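Below: the structure, in structure tokens.
The values are calculated or read from the model by the stated rules, or taken from the named source; none is laboratory data. Keep in mind that what you see is a predicted model, and the values were worked out from it rather than measured. Here Cβ is always computed from backbone atoms with ideal geometry, including for glycine, and neighbour counts include all displayed protein chains.
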């Protein structure tokens with residue numbers, strides 16, 4: 001593995017670790033807590049988790065197949081166990097796929113009705129930023145509920161890998 005691919009792998013391993021840790025905390029919440037939201041967030045904790053899961057699936061599928069992930073219309077919301085399994089699967093998929101992306105790789109995306117070529121590196125950037133932003137929103141709601149959110153920073157990840 002090259003130094004560059006090791007760097008990318010570390011970034012996506014951290015993303016996977018952070019998502020799994022947060023989803024584990026959320027799996028212990030009551031339905032009332034999962035249905036809590038706050039001004040400035042995406043929606044309820046549950047809705048935000050669903051959004052993270054579906055977005056990660058879509059970003060990964062775009063990178064690996066060129067096609068978007070589309071949840072079937074009218075499909076019921078994912079259960080907590082399904083969300084946890086999905087976030088782990090997509091996270092592990094990124095750990096494998098992200099280091100293989102080359103600077104020139106791109107996919108065509110329907111951008112408001114206009115086909116547009118988008119570099120896969122932008123999708124990788126979006127995957128990391130998107131998850132980070134929504135994890136922070138969920139953690140803010142947890143704090144407002146009096147639930148201690150996990151520490152998901154890079155230093156904590158680094159320490160978790162040592163022992």
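Annotations
- Top-ranked residue of the stretch 72-88 - restricted to ones that are free of Cβ contacts under 8 Å to residues at least 60 places away in the same chain, surrounded by 14 or more Cβ atoms within 10 Å (Cβ to Cβ) and touching a helix residue (DSSP H, G or I) at 6+ places or on another chain (Cβ under 9 Å), ranked as farthest from residue 115 (Cα to Cα): 80
- When residue 67 is tested against (1) within 30 Å of residue 6 (Cα to Cα); (2) free of Cβ contacts under 8 Å to residues at least 40 places away in the same chain; (3) part of a helix (DSSP H, G or I), only condition (3) is not met.
- Being surrounded by 13 or more Cβ atoms within 10 Å (Cβ to Cβ), over 18 Å from residue 138 (Cα atoms) and touching a residue at least 24 places away in the same chain (Cβ under 8 Å) is a condition met by no residue of the stretch 14-35.
- Residue 68 meets all of the listed conditions (1) closer than 19 Å to residue 91 by Cα; (2) at pLDDT 95 or above but one, namely (2).
- Within the stretch 119-161, being in contact (Cβ under 8 Å) with a residue 40 or more places away in the chain, farther than 12 Å from residue 15 by Cβ and either in a helix (DSSP H, G or I) or in contact with a strand residue (DSSP E or B) (Cβ under 9 Å, 6 or more places away or on another chain) (or both) holds for 120, 123, 137, 138, 139, 140, 141, 142, 144, 145, 160.
- Residues in the stretch 30-64 that are part of a helix (DSSP H, G or I) and more than 18 Å from the chain's Cα centre (by Cα): 31, 32, 33.
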